[in-house]
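Asker: Submitted below is the structure of interest, expressed as structure tokens.
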Amino acid sequence: MSALLLPNEILSMSAQAARLLVESGDGDGALLYLALLECGGDAGRAAARLRWQDARLRPAWERLAALGLAQAPSSAPAPAPKQDDRLPEYSRGEIAAAMEREPEFQGLCREMEGRLNRIFTDNDLKCLYTIYDHLGLPAEVILQLTGWVIHRERQQKNNPAACPRMPQVQREAFRWKRLGVDTLERAEDYLRRQEAVDAREWAVLSAVGVAERRPAVEKEREYIAAWVGMGVSDELIRMAYERTVYQKKAMSWPYMNKILQSWHSAGYQTPQQVEAGDRPPKRQAPSAKNQPQDFQPSQDRIQKNNDWLDQFLAQQQKGGG
């Protein structure tokens with residue numbers, strides 16, 4: 001513990017700043033503030049230190065600026081470089097040492113073997129240690145992640161006993177890391193949203209013309225998740241599908257997505273609202289005060305017209321016409 005008290009290794013935070021961060025309840029804002037303190041207020045270095053994607057970094061900056069704990073830069077600090085999906089090379093000795101010196105990792109291995117119903121090979125252990133050490137996902141998040149991958153594998157194969165391989169778990173772990181799903185709270189929120197997509201998945205696939213029951217592929221599921229998040233009804237999805245096929249002569253997920261996004265932006269929630277919004281506005285009958293002044297001709301004007309008509313007829317008779 002004495003290493004924490006070495007000169008130049010102590011960060012100073014005011015009680016007011018600590019109180020504001022605690023009351024805000026924003027964990028990312030607090031982490032960004034600590035990173036700024038560590039980096040001497042350098043926004044770029046703090047962003048690189050955290051290695052967050054822009055979707056996670058920007059809201060944290062905005063919260064700190066709103067709390068008055070950091071001056072909002074003229075432009076958001078450059079996001080961390082894109083997560084490198086290249087795998088680190090761990091030796092058998094490094095894995096064995098981690099098993100000995102890190103009881104949490106050892107316990108995680110035993111739990112994962114039970115969940116995936118296999119004794120781990122060296123490659124399985126490397127996959128797991130990559131998730132644990134390289135990606136830095138907490139053990140409880142890794143277990144949530146594994147449960148989700150098992151669920152999807154069984155759903156995809158329609159087999160309640162199917163179990164994924166560790167490389168599949170590793171690929172999903174990299175995806176969760178890119179999405180910022182790296183805490184237990186975020187994992188639980190993410191899985192709640194996935195349950196909502198599960199509940200709607202087949203209804204949406206049916207609405208877009210899929211006749212044979214099957215699970216959605218990954219790209220289809222991304223669109224379905226977006227539509228569920230927007231609160232789009234099955235009726236609107238069916239309507240957008242029909243318009244897509246009419247315009248494109250085939251199903252196009254990106255084209256249909258643009259239709260639904262435009263309806264969502266316009267506030268349309270029912271087919272009736274869409275149809276009403278697509279019709280041109282009715283032309284209103286002119287009101288009395290907008291009528292031309294001679295709309296009800298005066299008696300004098302009627303007499304003048306009659307006189308003109310008499311003269312015209314007399315001239316026609318004289319001319320023999």
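The values are calculated or read from the model by the stated rules, or taken from the named source; none is laboratory data. Not measured: the values here are computed from a predicted model. Ideal geometry is used to build each Cβ from the backbone, glycine not excepted, and the neighbour counts take in all protein chains shown. Surface areas here come from the heavy atoms of the whole protein model, side chains and all, with no ligands, DNA or RNA. Shrake-Rupley method; radii C 1.70, N 1.55, O 1.52, S 1.80 Å.
Asker: Can you pull out every residue in the stretch 160-201 that is assigned to a helix (DSSP H, G or I) and of a type in the set (K, R)?
Answerer: If the condition is that a residue be assigned to a helix (DSSP H, G or I) and of a type in the set (K, R), then R171, R175, K177, R178, R186, R192, R193, R200 are the ones that fit.
Asker: What number goes with the only condition from (1) at pLDDT below 80; (2) open to solvent by less than 70 Å² (accessible area, probe 1.4 Å); (3) aliphatic (A, V, I, L, M) that A66 does not pass?
Answerer: Among (1) at pLDDT below 80; (2) open to solvent by less than 70 Å² (accessible area, probe 1.4 Å); (3) aliphatic (A, V, I, L, M), A66 violates only (2).
Asker: Name the pairs whose Cβ atoms lie under 7 Å apart, with the first residue in the stretch 96-125 and over 16 Å from Q144 (Cα atoms), the second assigned to a helix (DSSP H, G or I) and open to solvent by 80 Å² or more (accessible area, probe 1.4 Å), and 6 or more positions between them or separate chains?
Answerer: If the second residue must be assigned to a helix (DSSP H, G or I) and open to solvent by 80 Å² or more (accessible area, probe 1.4 Å), the pairs left are M99/Q106; D122/R92.
Asker: Let me ask something else. Would you please name the residue that is most open to solvent (accessible area, probe 1.4 Å), looking only at residues in the stretch 187-201 that are of a type in the set (K, R) and either free of Cβ contacts under 8 Å to residues at least 12 places away in the same chain or closer than 21 Å to A173 by Cα (or both)?
Answerer: Applying the filter and picking the extreme gives R192.
Asker: Might you check whether a residue that is open to solvent by less than 30 Å² (accessible area, probe 1.4 Å) and in contact with a Cys (Cβ under 9 Å, 6 or more places away or on another chain) occurs anywhere in the stretch 172-186?
Answerer: Yes, the stretch 172-186 has at least one match.
Asker: Please go through the stretch 217-244 and give me each residue that is within 20 Å of H264 (Cβ to Cβ), aliphatic (A, V, I, L, M) and open to solvent by 40 Å² or more (accessible area, probe 1.4 Å), ordered by number.
Answerer: A226, M230
Asker: Would you confirm whether any residue within the stretch 126-143 is assigned to a loop (DSSP other than H, G, I, E, B) and surrounded by fewer than 13 Cβ atoms within 10 Å (Cβ to Cβ)?
Answerer: There is at least one residue in the stretch 126-143 that is assigned to a loop (DSSP other than H, G, I, E, B) and surrounded by fewer than 13 Cβ atoms within 10 Å (Cβ to Cβ).
Asker: Condition (residue is buried (at least 18 other Cβ atoms within 10 Å of the Cβ) and in a loop (DSSP other than H, G, I, E, B)) applied to the stretch 202-216: is it met by at least one residue?
Answerer: Yes: one or more hits.
Asker: Of all residues in the stretch 6-37 being among the acidic types (D, E) and modelled with pLDDT of 75 or more, which is most open to solvent (accessible area, probe 1.4 Å)?
Answerer: Per the stated criteria, the residue is E23.
Asker: Could you tell me how many of the residues in the stretch 70-93 are over 30 Å from L20 (Cβ atoms) and either exposed (fewer than 15 other Cβ atoms within 10 Å of the Cβ) or modelled with pLDDT under 75 (or both)?
Answerer: Looking only at that region, the number is 12.
Asker: Being farther than 25 Å from A216 by Cβ and open to solvent by 80 Å² or more (accessible area, probe 1.4 Å) is the requirement here; does R110 meet it?
Answerer: Yes: the conditions hold for R110.
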